[in-house]
Amino acid sequence: MSDRKPTILITGATGQIGGSTLRSLLKENSVIVVAAVRSAEKAKIFEEQGISTVILDFDITATLLPALEGIDRVFLATGYTVDMLRQSKVFLDNAKGAGVKHVVHLGACGGDDATIAHWVWHQLIERYIEWSGFSFTHLRPEAFMQNLLSYDGTKAVKNGVIQQYTGDAPFSWVDGEDVATVAAQALLNPEKHSGKTYRLGYDAKSYDEIAAIMTEVVGKPFRYESLDPKIFLENMREAGAEMAYMTCVYDNFRRIAERDIPGVDDTFDNFPEIAGKEPVRWKEFVEKHKDSFLY
């Protein structure tokens, strides 16, 4: 029997979830961890910390197979564009050819009956992973609490005001650090988590309720200003964003505000069994990031 340690490739290693997953795995002696980066410049940041890297660009097919050589398990996180469909398929085809065994895919919200377009795109990727014959774990996180720290690089709460687009409707949230914890567990123990689809959302709140929690914890007034989702769409268009994806996000906001997505406020009880602890909920999240909300 081989005593070779399994090697795990982390895509999206420079992102929040991928980076947090990477850091969790680096604490483990039972695996070898490799960060996938798009350039030698980004590789340098990791290599200075003694972290192995490979150059991988989802849009340059020639980089895929070399990056996947010797990889046993993969954390797959693609970009927020419709290109995720093509990128994921080509990546998975190369992963299959390279002998990758287990894929942990970072997907999106919703049950199997989801109709929000980018949620559906992720579920099509899930099906392709299964069809390709990989051992798999599908992660379906609800809204990230980190969106209240910043969204698309922009500060989300300014001078105590949360401007968002979902009316007074509550919906389900998850701390991105908890998503990374689940990802790390699935990568460390694929035999335990293989074949599982984990919906990850542990606290359902509206923005009005979140503003009240922030007021209580931070000790300064916070309020929510509800905006028309069309404002979001126009802002994204003016910013030159990729509109196929941003139209999906607009549809998501609009339908939450209209309470037209059944189960959008569902929460789940799977985290303690997976992680051995309770998930972060809103009050704890605000306490943890209190300094970021001060004004």
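Data overview
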quantity	calculated
Residues located in the stretch 281-295, provided they are touching a helix residue (DSSP H, G or I) at 6+ places or on another chain (Cβ under 6 Å) and buried (at least 17 other Cβ atoms within 10 Å of the Cβ)	W282, F285, V286, F293
Which listed residue, of I256, I274, I213, is under 30 Å from S135 (Cβ atoms), surrounded by 15 or more Cβ atoms within 10 Å (Cβ to Cβ) and not small (G, A, S)	I274
Subset of the stretch 253-273 (residues that are part of a helix (DSSP H, G or I) and either in contact with a Leu (Cβ under 8 Å, 6 or more places away or on another chain) or at pLDDT below 95 (or both))	F271
Members of the stretch 242-253 that are surrounded by 14 or more Cβ atoms within 10 Å (Cβ to Cβ) and in contact with a Ser or Thr (Cβ under 8 Å, 6 or more places away or on another chain)	Y245, F253
The listed residue being in contact (Cβ under 8 Å) with a residue 12 or more places away in the chain, outside any helix (DSSP H, G or I) and hydroxyl-bearing (S, T, Y), out of Y250, Y224	Y224
Residue satisfying all of: in the stretch 103-151; surrounded by fewer than 23 Cβ atoms within 10 Å (Cβ to Cβ), hydroxyl-bearing (S, T, Y) and under 15 Å from the mean Cα position of the chain (by Cα); modelled with the highest pLDDT among these	S150
Selection within the stretch 1-60 - surrounded by fewer than 15 Cβ atoms within 10 Å (Cβ to Cβ) and among the charged types (D, E, K, R)	D3, R4, K5, K27, E28, E41, K44, E47, E48, D59
Considering residues of the stretch 195-210 that are in a strand (DSSP E or B) and aliphatic (A, V, I, L, M) only, the residue farthest from G133 (Cα to Cα)	A204
Unique residue being of a type in the set (V, I, T) and touching a Gly at 6+ places or on another chain (Cβ under 6 Å) when the list is I60, I10, I32, I71	I10
Subset of the stretch 259-271 that is within 23 Å of A156 (Cβ to Cβ) and within 19 Å of the chain's Cα centre (by Cα) - its residue that is surrounded by the most Cβ atoms within 10 Å (Cβ to Cβ)	V264
Wholly within the stretch 69-169, strands (runs of 3 or more DSSP E) carrying at least 3 residues that are in contact with a strand residue (DSSP E or B) (Cβ under 8 Å, 6 or more places away or on another chain) and of a type in the set (A, V, I, L, M, F, W, C)	73-76, 102-106
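The values are calculated or read from the model by the stated rules, or taken from the named source; none is laboratory data. In this text the structure is predicted, and so the values were computed from the model without any measurement. Counting neighbours? That spans all protein chains shown, and the Cβs are built from the backbone with ideal geometry, glycine included.
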